[in-house]
Amino acid sequence: MDGRLPPRLVVPAGGIGGARFLRGLLDVAPPGAEITVIGNTGDDIWLHGLRVCPDLDTVMYTLGGGISDERGWGREDETFTVKDELAAYGVEPTWFGLGDRDIATHLVRTRMLQAGYPLSAVTEALCTRWQPGVRLLPMSDERAETHVVVDDPDGTVGEDGQPQRRALHFQEWWVRYRAALPAHEIVLVGAQETRPAPGVLEAIAAADAIILPPSNPVVSIGTILQVSGMRQALLDSPAPIVGVSPIIGGRPVRGMADACLEAIGVETSAGAVGAHYGARTSGGILDGWLVDEVDAPVEIPGVTVTSLPLLMSDPAATGRIAAAALDLAERLHR
Ligand code: FO1
């Protein structure tokens, strides 16, 4: 990173996988490194009058020490009394795990949004408490939500005898239906109205390295790339862009990225996801790509591919993966 220490790192990130990777990156980054996280907000949802931002909260809680490690989302030592009371009233939706401690975050966020603060200011305020050790920016202050087009789960059939299609909010598809309903299309509703949040473009332009963590390539990284101007800003950045495969041995490590990749016609493999992101030299966004040894060798023209164990089985393993990503970025620094 042309000797300018401490390095400025930019990490577009989704939820659980991205947050876990960031914990390792913070462990191994040179002292004083400035890490800016561009958080996915396509998963955000209005629930019971509260604005819930799952991926921003997962990064904030994970790095701030409040995450439930066994769930990977929401708070540790959590209770779901309010959720149960809402269900007792027969108030839908009942399928989303709204925790009592977590609700405080949504109340603060909702009140600030309704007072006119942009999501970026809300996120900064919430992070004052959690001190995540990174600058957490939403990808955009404008609202854009991921919806998934499926055959109506109620089995409704149209006049033409074909299953009726419906757009479900991503959370309903992901949480209620466990992404088990085949997705005909995944759409970021409102993408055209989005702009990168304040500070995002500046961070990308000033970056020494941009790291794509093993987040969901479709509904997390893919969503962030749909924010107007985001992809171009990454391409214009002088920083090398290095990605970490979220797929090991043909399977996602967590979550259901395979259901998402199937929806966009991309094979669930480290090579196919790397090729999907594409080489920056041919209009894609990658200079480097880390794959697990079980998937090696992976050839992507224009992309430097290295292999190492990619299972983030514990903080030490995650640190090694993050260090390998930084090393590759160092080697690729133009
Ligand atoms: N994921 C689930 O699988 N079940 C849940 O009930 C659930 C609740 C939840 C509440 C708050 C939050 O911030 C995240 C929550 N998640 C839940 C995870 C979330 O749906 C996904 O992590 C992201 O949206 C995808 O990365």
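The values are calculated or read from the model by the stated rules, or taken from the named source; none is laboratory data. On a predicted model such as this, the values are computed, not experimentally measured, just so you know. Note that we place each Cβ from the backbone using ideal geometry, even for glycine, and neighbour counts take in every protein chain shown. Quick note on the areas: whole protein, heavy atoms, side chains included, nothing else; ligands and nucleic acids left out. Shrake-Rupley method; radii C 1.70, N 1.55, O 1.52, S 1.80 Å.
Neighbours of S307 by Cβ distance under 9 Å: Lys/Arg scored +1, Asp/Glu scored -1, total -3.
Once whole DSSP H runs in the chain are found, which of them have Cα atoms spread over 18 Å or more along the helix axis and a mean Kyte-Doolittle score of at least -0.5?
16-28, 315-332
Each residue of segment 179-187 was assigned a 3J(HN,Hα) from its phi angle through the Karplus expression (A = 6.51, B = -1.76, C = 1.60, θ = phi - 60°), giving 6, 7, 7, x, 8, 6, 7, 10, 10 Hz with x at Gly and Pro. Note on segment 204-334: with neighbouring protein chains present and a 1.4 Å probe, carbon and sulfur make up 53 percent of its accessible heavy-atom surface. With a Förster radius of 35 Å applied to the C-beta separation of S282 and H333, the computed FRET efficiency comes to 0.95. Only one residue of A180, L328, M312 has its Cα farthest out toward the positive end of the dipole of the chain, where Lys and Arg carry +1 and Asp and Glu -1 on Cβ, and that residue is L328. Counted residue by residue at 0.36 nm each, then reduced by the alpha carbon distance between them, the extension gain from S228 to T94 reaches 44.8 nm. When each of the peptides 90-96, 158-164 is scored by the mean number of other C-beta atoms lying within 10 Å of its residues, the order from highest to lowest reads 90-96, 158-164. Ordering 139-146, 291-298 by mean Cβ neighbour count within 10 Å, with the highest value first, yields 139-146, 291-298.
Per-residue ellipticity at 222 nm from helix content only, as computed over the chain with -39500 (n - 2.57) for each DSSP H run of at least four residues, stands at -10000 deg cm²/dmol.
When both segment 57-72 and segment 222-267 are represented by their alpha-carbon centers, they are found 22 Å apart.
Accessible surface of segment 9-138, 1.4 Å probe: 53 percent of it comes from carbon and sulfur atoms. Using 0.36 nm per residue and subtracting the Cα-Cα separation, the extra length available between Q131 and T81 on full extension is 15.3 nm.
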